[in-house]
1. Can you name the number of the only condition in (1) more than 24 Å from residue 172 (Cα to Cα); (2) assigned to a helix (DSSP H, G or I); (3) among the basic types (Lys, Arg) that residue 116 fails?
2. Taking region 169-200, which residues are in a loop (DSSP other than H, G, I, E, B) and touching a residue at least 40 places away in the same chain (Cβ under 8 Å)?
3. If residue 255 passes every condition in (1) in a helix (DSSP H, G or I); (2) without any contact (Cβ under 8 Å) to a residue 24 or more places away in the chain; (3) over 15 Å from residue 131 (Cα atoms); (4) of a type outside the set (Phe, Trp, Tyr) but one, which one does it miss?
4. What number goes with the only condition from (1) touching a residue at least 24 places away in the same chain (Cβ under 8 Å); (2) farther than 24 Å from residue 265 by Cβ; (3) of a type in the set (Phe, Trp, Tyr) that residue 134 does not pass?
5. Restricted to region 194-218, and to residues that are of a type in the set (Phe, Trp, Tyr) and surrounded by 15 or more Cβ atoms within 10 Å (Cβ to Cβ), which residue is nearest to residue 235 (Cα to Cα)?
6. If residue 123 satisfies every condition in (1) closer than 18 Å to residue 251 by Cβ; (2) surrounded by 17 or more Cβ atoms within 10 Å (Cβ to Cβ); (3) out of contact with any helix residue (DSSP H, G or I) (no Cβ under 6 Å at 6 or more places or on another chain) but one, which is the exception?
7. Answer yes or no as to whether residue 3 is at pLDDT below 90 and among the acidic types (Asp, Glu).
8. In this structure, does residue 251 turn out to be within 21 Å of residue 269 (Cα to Cα) and within 22 Å of the chain's Cα centre (by Cα)?
Amino acid sequence: MTEGHKPKLLEQLRNEIKRRNYSIRTERAYSDWVKRFIFYHDKRHPKDMGAPEVQQFLTYLAVERKVSASTQNQALCALVFLYREILNMDLGILENLQRAKRPVLVPVVLTREEVKALMAHLSGLHWTMAQLMYGAGLRLMECVRLRVKDIDFGYKEITVRHGKGHKDRRTMLPEVLAEPLRLQLEKAGQMHAQDLTAGFGEVYLPYALARKYPNAVKEFAWQYVFPSENRSTDPRSGKVRRHHIDARSIQRAVKKAVRAAGLNKQASCHTLRHSFATHLLENGYDIRSIQELLGHSDVRTTQIYTHVLNKGGSGVVSPADTFLG
């Protein structure tokens, strides 16, 4: 940056997001929403607008575009961040904002037999990752971003770092995955050794850890459990590194396995996490323990899984079953 040069608005936004160590996904999403906001208002500069224009845009998303509540909320977060952190303007309370309706959805859950059928159509790396999502309740990106140091074979547990809400938690390491994961770590170790020999071997470290622990970037403990087959250039730093496997790879594999197993459910990677929670409830484990394993802040989020149990949350028996019995 040349002396006296003031970065443009989107550049300021990206720089502040990077400074706060937000993910590159957040950076891209927030930048996109700010651009859409500007174009919606005929390219007016945000500093010349305020709460009324923000409210109008968000209402347009809900009423005309019919976006989901989570999508509208992401757009709101992006614009609040822009005005508060970049423009130093307070939007206040958006009293007349029309919110997108948040539907009450019951999660899709597979039976044990359906999980078994799905897993039968997966193999190798994809089988291991799917088993982690089902057997340990990991979210897709938690599984993809898992690092070597966070698998503890001795205590049979997995530590999830910076999960949803930037929270850490511990969950179990299924015994069925102990040997497959050891083999996966051997493969990852070989790839890392080859990278070091070739003059590479660095891995991305969040939250300024690279500055705090300058040698950690090349240590095997910090490498990804599921590394990409190829090295790539980090879009932020420009450094050539070996990143983790692309999440779309496992998503496609699970989708293909669902079809091959003949499952008539809209199942995905997240369905495996839903099934993990539901099957634990069916096995009699208390909901507070399951809440901790899933990393939910509020037990009410976990309680949704009681809706899909065979007997329901209150153990009600259908009158039809009573009559026929």
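The values are calculated or read from the model by the stated rules, or taken from the named source; none is laboratory data. All figures in this text were calculated on a predicted structure; none of them were measured in a lab. In this analysis, Cβ positions are derived from the backbone assuming ideal geometry, glycine residues included, and neighbour counts consider all displayed protein chains.
1. The number of the failed condition is (1).
2. Narrowing region 169-200 to residues in a loop (DSSP other than H, G, I, E, B): 173-174, 198-200.
174, 200 - these are the residues of region 169-200 that are in a loop (DSSP other than H, G, I, E, B) and touching a residue at least 40 places away in the same chain (Cβ under 8 Å).
3. So the condition that residue 255 fails would be (3).
4. Tallying (1) touching a residue at least 24 places away in the same chain (Cβ under 8 Å); (2) farther than 24 Å from residue 265 by Cβ; (3) of a type in the set (Phe, Trp, Tyr), residue 134 fails exactly one: (2).
5. Going through region 194-218, the residues of a type in the set (Phe, Trp, Tyr) turn out to be 200, 204, 207, 213.
Those left that are additionally surrounded by 15 or more Cβ atoms within 10 Å (Cβ to Cβ): 200, 204.
On the way: 200: 17, 204: 11 Å.
Per the criteria, the residue is 204.
6. Looking at each condition in turn, residue 123 falls short on (2).
7. Values: at pLDDT below 90: yes; among the acidic types (Asp, Glu): yes.
It is true that residue 3 is at pLDDT below 90 and among the acidic types (Asp, Glu).
8. Details: within 21 Å of residue 269 (Cα to Cα): yes; within 22 Å of the chain's Cα centre (by Cα): yes.
The answer is yes for residue 251.
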